[in-house]
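**Student:** Sharing a structure with you now.
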Amino acid sequence: MSIQHKFIDRKEELNFLDEKYRSDKAELIVLYGRRRIGKTTLLKKFMEGKNATYFLGGVESSENTLKRLSKLTGSEINRIEKFLDWIEKKYLAEKGCLIIDEFPFLVENFPSFPSLLQEAWDERLAKTKAVLILCGSSISMMEKHALDYKSPLYGRRTGQWKVTKIQTSFLNKFFPGYSPEELVLTYATLDMIPGYLTKFDPKKRPWENIREQMLSKGGYFYEEVPILLRKELRDPANYLSILSAIAAGANSFERIKAETGLDKSMISKYLHILEGIGMVVRKTPALLTYKGKLKSRNRRYGLGDNFVHFWLRYVYSNEQDLEIGRLKEVTVRIKEDIKYYLGEKFEELVKESLPWLGFNEYSEVGSWWHKSTEVDLVAVSRQKKKILLGECKWKDNVNAERVLKELKEKSESMPLPSDWKKEHVVFSRSFKKKTEEAKCLSLEEIRRKMWK
């Protein structure tokens, strides 16, 4: 079996689903998450060895949906209500699981289905031994039809799980032959999204995969972001404008407004929606609880998805040249700029990986900034009254003594509790000189600790 098809991680999710399956009552579970995050693969793994039935909603006529339901159930399903009758009969005395994948498509064909399901659940299905799992990739639609308080199903679910990215510690499982530098590049390109990671060929080097799959017209990722936006949003053009501005470095509301030319109220609305689906993250300086009230100008906006960021920065911005086949010229431009982008992503990778790098006692991980002063890494252990301060350098031959001196100078203006213990750390590709006053982790040491 090739590395692309191995089932990696997801123990927590499987334990959650298995626990629901073992319960002695009916369960109504909502499972959702962005496109290609691995929901269907997770569900198929969960189904192994269980009495489980799987139905995939699709873009089709309601008549065709009923035909497929009839074939699936072995019953005549000429109305959607009959499907609910079948569920009751099948699981009245028999423990089993029914999975409806891409649930929003079913609702699109049968808008009354959530109300019918709510009524059937209250009167009949809650008394069965059914485990009913509603799954979907459109976060906004799943929230509308299954989670929102306005949904007929609100209050009926017995559990929900938002499937998110897998852990950074599993990256080398997908690409066992990659160097640490290549793993960082892959993380910065695809993030930890299983459905994307499996599209890169582990037998090819990252840049070859990037050229074939992302930069070449017809490649799998060439139009992926517009597809994502159309799946979630009604007006993708304006959202794309905002995302593109953030990808280009507009990290404040005023800069986004200046870059896009959009109305202030419109930007507020769009940012709120983009935050809701995880494409945009709003950042605030760490340690604010120790010093006063946050001013709005201290907030920063960033992209919550490395793949979207990479695509906007290097595919979308070069679309005109890529469309006429200037792949070589675009690749040269990207390689000239990539060190700046990788510096930012190396910092993010370190923050996500702290538990595997020997800093598992810390939480509330972030950065701190004030005016022109910035500290890359700030992590807090409230229980032990400790603070971790760190710098991340995507450079070779780093002088850790100099970096630590600068870090200590910057920390003098931070709102640090006087009675808390401070710990310092420096991360880099490699070191010319280390210091005993701080923990110094090179990329090779990160590999040994996390990517064994």
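What follows draws every value from the coordinates through simple rules; no lab data is involved. Nothing here was measured: the structure is a model prediction, and the numbers come from that model. FYI the Cβ positions are ideal-geometry reconstructions off the backbone, even for glycines, and counts take in every protein chain you see.
**Student:** Cβ neighbours within 10 Å, averaged per peptide: list 199-207, 241-249 in order, most packed at the top.
**Tutor:** Taking the mean over residues of other Cβ atoms within 10 Å, the ranking is 241-249, 199-207.
**Student:** So how tilted is helix 236-247 from the main axis of the chain? Cα-based, degrees 0 to 90, rounded to 10.
**Tutor:** 30
**Student:** Once the piece of chain linking Q167 and K339 is laid out straight, how much longer is it, given 0.36 nm per residue of separation minus the C-alpha distance between them?
**Tutor:** 59.6 nm
**Student:** Convert each backbone phi in segment 333-339 into a coupling constant with the Karplus relation 6.51 cos²θ - 1.76 cosθ + 1.60 (shift: θ = phi - 60°), then list the ³J(HN,Hα) values in order as whole Hz, x for Gly and Pro.
**Tutor:** Karplus-based 3J(HN,Hα) across segment 333-339 equals 4, 5, 5, 6, 9, 4, 4 Hz.
**Student:** How about segment 366-452: which GluC sites (Glu not before Pro) there are in a DSSP loop, with at most 11 other Cβ atoms within 10 Å of their Cβ?
**Tutor:** Qualifying residues, ordered by number: E412, E436.
**Student:** Out of segment 314-358, which GluC sites (Glu not before Pro) are coil in DSSP terms and have no more than 15 other C-beta atoms within 10 Å?
**Tutor:** Taking segment 314-358 and a limit of 15 other Cβ atoms within 10 Å, no loop GluC sites (Glu not before Pro) are found.
**Student:** Further question: Calculate, for E275 and N64, the FRET efficiency according to 1/(1 + (r/R0)^6) with r their C-beta to C-beta distance and R0 35 Å; round to the nearest 0.05.
**Tutor:** According to the calculation, E is roughly 0.45.
**Student:** At a 10 angstrom cut-off on C-beta neighbours, averaged per residue, how do the peptides 117-128, 40-51, 14-25, 94-105 rank from highest to lowest?
**Tutor:** Highest mean packing first, the order is 94-105, 117-128, 40-51, 14-25.
**Student:** Can you show me the helix-derived [θ] at 222 nm for the chain, built from DSSP H runs with n ≥ 4 at -39,500 (n - 2.57) apiece and divided by the number of residues, rounded to the nearest 500.
**Tutor:** -12000 deg cm²/dmol
**Student:** Can you quote the Å³ per residue value for the convex hull of the Cα atoms in segment 170-348, rounded to an integer?
**Tutor:** Per residue, the Cα convex hull of segment 170-348 comes to 136 Å³.
**Student:** Output the direction-averaged projected area (hull surface divided by four) of the convex hull of the alpha-carbon atoms of the chain, in nm².
**Tutor:** Spelled out: convex hull of the Cα atoms, projected over all directions, averaged, 24.9 nm².
**Student:** To make sure I understand, if each residue's beta carbon is the centre and we count other beta carbons within 10 Å, what order do Y340, Y301, Y222 fall in, fewest to most?
**Tutor:** Y340, Y222, Y301
**Student:** Can you list residues whose amide H is under 5 Å from V131's amide H, if they're 5+ apart or on another chain and H is modeled 1.01 Å from N?
**Tutor:** Here the answer is E27, G96, C97, L98, since their amide H atoms fall under 5 Å of that of V131.
**Student:** How far, in nm, would the chain grow between E223 and E19 when pulled straight, counting 0.36 nm per residue and subtracting the alpha carbon separation?
**Tutor:** The span from E223 to E19 would gain 69.6 nm if fully extended.
**Student:** Once you place label points 7 Å from the Cα toward the Cβ at Q320 and R124, how far apart are they in nm?
**Tutor:** 6.2
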